[in-house]
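**Student:** Just dropping this structure here.
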Amino acid sequence: MAIFVTKRLLRFITLLVVSLLILLSLSAHDSTSSYLPASLDFSSYRNTEPQQQQQQQQVQENVGNLLKQNDEDGTLASTVAGPDKDEENKKNALHPAASLEEKTSTKNLKNVPDIKDSLSKDIVEFMAPSFENKGKRPKATFVSLVRNSELNPMLDAIKSVQKKFNNQFNYDWVFLNDDDFTDEFKSKIKETIPNSTIKFGKIPKEHWSYPDYISTDKAAETREKMKKIIYGSSESYRHMCRYQSGFFWRHPIMEDYDWYWRVEPSTKLYCDIKYDVFQWMQDNDKAYGFTITIHEYLSTIPTLWDTSKKFFEKHPDYLRKDNLMKFISDDGGKSYNLCHFWSNFEVANLNLWRSPAYTEYFDYLDHAGGFFYERWGDAPVHSIAVSAFLPKDRIHYFSDIGYHHPPYDNCPLDNKVFKDNNCECDQKHDFTWKGYACGRQYYDAAGITRPSYWEKYS
Ligand SMILES: Nc1nc2c(ncn2[C@@H]2O[C@H](COP(=O)(O)OP(=O)(O)OP(=O)(O)O)[C@@H](O)[C@H]2O)c(=O)[nH]1
Ligand SMILES: [Mg+2]
């Protein structure tokens, strides 16, 4: 009996030892986790790929919805993706990265993928630091790209800005040129605004020349072919447009600022501006302000829209749900209606252009070659980006700023604004509601009711 018990005990111990050995060898192997209950399995968090794929897929779906919302006949949406999803999905599209953060609830877990990268790529998040200064004076400047030969019309424009606005607010002036400014140019400017901080900058050669991916022969052929189109034969005009599209904020002088107001020679302000426009933009969360809208000449940008669409398809996460797409497209993104903000006047946040979305967009356009092989202007380029990447309530029409760039006017049509600010323009000449302008498209896209008198001035 005792022997029998001992034998059974020995068999039991042997079995136990063998089982333990098998278990130990299994636990040394990665696949052990698949035997564990799901609640204990953290191994998938170490692998970032599925998480990234999930984010990517989510963003794609969101963008499919975004474009679909704007796409009456579905043409564009069908090219980019995504089944129409539920309300929650639409909500997520507003802040794709943020909503994903909530969804994955990864905050308290270790070894999880860091989604900060995608957050900083969100244009609103990227610009956020320049809006933290609310209630305080913004870091802002006027900026003029100008040639020495334009000294007198530049002085006229400066005097006008000083008289109507800047004698009261005293913001800096920056002058940029691809050439050296002459002593005469600099001294005349200083005489005109003796109490202002003035900075003169020479544009680095690499910002005003052909990149190595552009064929100068093909560029020359284009200029020959486009002789009959306004500025079609001009090489310097193309460098200027490319510079305004992709470089002016990269000049070291501009690094001191968060905000700029673009001023061109021969422009004029018609009314007193009694409030700090820069601070108003900052305090009211605006990123881009304009005065005049207009249609572009199609012959200068035949492939700009298709190129932009390709970029949007590659980077659907940069498109905003609440964007101003309807300002630039009448058919849900299928084609460009040629509407743009006339960029000779711009009050805007520099971080808009410094953002990953815009930087990558510009780079994509630049490699496509249309600044030289067509004659892409900075106005449609800025406008398409602003309308696609920004929430529409971040864009502002300054109906109260009387402004002239030959040959068009923005003249306040609200009689109280006109009177209170001593406007010196003729309301009949206001361009906003004329057929060649895009005031109607802007008001409708922004969801703002047109003023009662709009037809009277159309
Ligand atoms: N330094 C420099 N500035 C330039 C050059 N070409 C244009 N600019 C400036 O760039 C801005 C836009 O040029 P504009 O010639 O006014 O172009 P535009 O407004 O499309 O055309 P306009 O209707 O003629 O005014 C202005 O501030 C010009 O002074 C250039 O070759 N060198
Ligand atoms: Mg001009």
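The values are calculated or read from the model by the stated rules, or taken from the named source; none is laboratory data. Quantities reported herein were computed from a predicted structural model and do not represent experimental measurements. Glycine gets a Cβ as well: all are built from the backbone with ideal geometry, and neighbour counts include every protein chain shown. We work out accessible area using only protein heavy atoms, side chains counted, and drop any ligands, DNA or RNA first. Shrake-Rupley method; radii C 1.70, N 1.55, O 1.52, S 1.80 Å.
**Student:** In the stretch 169-194, how many are of a type outside the set (Val, Ile, Thr) and within 19 Å of residue 257 (Cβ to Cβ)?
**Tutor:** Final tally of qualifying residues: 8.
**Student:** Looking only at the stretch 160-193, how many residues end up being hydroxyl-bearing (Ser, Thr, Tyr) and within 16 Å of ligand 1 (Cβ to nearest atom)? Full working, then the answer.
**Tutor:** We begin by selecting, within the stretch 160-193, every residue hydroxyl-bearing (Ser, Thr, Tyr); these are 160, 171, 182, 187, 192.
Right, trim to within 16 Å of ligand 1 (Cβ to nearest atom) and you get 160, 182.
Final tally of qualifying residues: 2.
**Student:** Continuing with the same structure: Can you go through 210, 231 and tell me which one is of a type outside the set (A, V, I, L, M, F, W, C), open to solvent by 30 Å² or more (accessible area, probe 1.4 Å) and closer than 20 Å to residue 382 by Cβ? Outline the logic, then answer.
**Tutor:** On the way: 210 fails: closer than 20 Å to residue 382 by Cβ.
Answer to the selection: 231.
**Student:** From the list 296, 255, which residue is within 16 Å of ligand 2 (Cβ to nearest atom) and in the same structural domain as residue 377 (by TED's automatic domain parsing)?
**Tutor:** Residue meeting the stated conditions: 296.
**Student:** Considering only residues that are farther than 14 Å from residue 247 by Cα and not acidic (Asp, Glu), which ones fall in the stretch 365-374?
**Tutor:** 367, 368, 369, 370, 372, 373, listed by residue number.
**Student:** Would you call residue 253 away from ligand 1 (no atom under 16 Å from the Cβ) and not hydroxyl-bearing (Ser, Thr, Tyr)?
**Tutor:** No.
**Student:** For the stretch 267-295, which residues satisfy the criterion of being within 16 Å of ligand 1 (Cβ to nearest atom) and open to solvent by 20 Å² or more (accessible area, probe 1.4 Å)? Show your work before the answer.
**Tutor:** Residues of the stretch 267-295 within 16 Å of ligand 1 (Cβ to nearest atom): 267-269, 290-295.
Selection gives 268, 295.
**Student:** Taking the residues in the stretch 296-313 that are open to solvent by 50 Å² or more (accessible area, probe 1.4 Å) and either among the hydrophobic types (A, V, I, L, M, F, W, C) or touching a residue at least 60 places away in the same chain (Cβ under 8 Å) (or both) as candidates, determine which candidate is farthest from residue 421 (Cα to Cα). Steps first, please.
**Tutor:** Of all residues in the stretch 296-313, those open to solvent by 50 Å² or more (accessible area, probe 1.4 Å) come to 297-299, 302-303, 306, 310, 313.
Those still in the list that are either among the hydrophobic types (A, V, I, L, M, F, W, C) or touching a residue at least 60 places away in the same chain (Cβ under 8 Å) (or both) too: 297-299, 302-303, 313.
Numbers: 297: 34, 298: 37, 299: 40, 302: 41, 303: 43, 313: 46 Å.
Ranking the qualifying residues of the stretch 296-313, first place goes to 313.
**Student:** Residue check, residue 231 against (1) over 18 Å from residue 341 (Cα atoms); (2) more than 16 Å from ligand 2 (Cβ to nearest atom), all met but one. Which one?
**Tutor:** Exception for residue 231: condition (2).
**Student:** Please verify whether residue 336 is hydroxyl-bearing (Ser, Thr, Tyr) and over 27 Å from residue 145 (Cα atoms), treating the condition exactly as stated.
**Tutor:** On the way: hydroxyl-bearing (Ser, Thr, Tyr): yes; over 27 Å from residue 145 (Cα atoms): yes.
It is true that residue 336 is hydroxyl-bearing (Ser, Thr, Tyr) and over 27 Å from residue 145 (Cα atoms).
**Student:** Identify all residues within the stretch 407-449 that are within 16 Å of ligand 1 (Cβ to nearest atom) and outside any loop (DSSP other than H, G, I, E, B); write none if there are none.
**Tutor:** Restricting attention to the stretch 407-449, the residues satisfying the condition of being within 16 Å of ligand 1 (Cβ to nearest atom) are 407-410, 431, 436-437.
Residues satisfying the conditions are 408, 409, 410.
**Student:** Out of all the residues in the stretch 319-330, which are touching a helix residue (DSSP H, G or I) at 6+ places or on another chain (Cβ under 6 Å) and open to solvent by less than 10 Å² (accessible area, probe 1.4 Å)?
**Tutor:** 319, 324, 325, 327, 328
**Student:** Moving on. Please determine whether any residue of the stretch 414-421 is closer than 20 Å to residue 263 by Cβ, out of contact with any helix residue (DSSP H, G or I) (no Cβ under 7 Å at 6 or more places or on another chain) and at pLDDT 95 or above.
**Tutor:** The answer is yes, given that some residue of the stretch 414-421 is closer than 20 Å to residue 263 by Cβ, out of contact with any helix residue (DSSP H, G or I) (no Cβ under 7 Å at 6 or more places or on another chain) and at pLDDT 95 or above.
**Student:** Additional query: State yes or no: is residue 395 modelled with pLDDT of 95 or more and over 18 Å from the mean Cα position of the chain (by Cα)?
**Tutor:** No, not satisfied.
**Student:** When you scan the stretch 445-454, do you find a residue that is in the same structural domain as residue 226 (by TED's automatic domain parsing), touching a residue at least 24 places away in the same chain (Cβ under 8 Å) and more than 30 Å from residue 130 (Cβ to Cβ), even just one?
**Tutor:** no
**Student:** Going by what's in this entry, would residue 294 be described as over 16 Å from residue 177 (Cβ atoms) and in contact with a strand residue (DSSP E or B) (Cβ under 8 Å, 6 or more places away or on another chain)? Break it down into steps so the answer makes sense when it comes.
**Tutor:** Values: over 16 Å from residue 177 (Cβ atoms): yes; in contact with a strand residue (DSSP E or B) (Cβ under 8 Å, 6 or more places away or on another chain): yes.
The answer is yes for residue 294.
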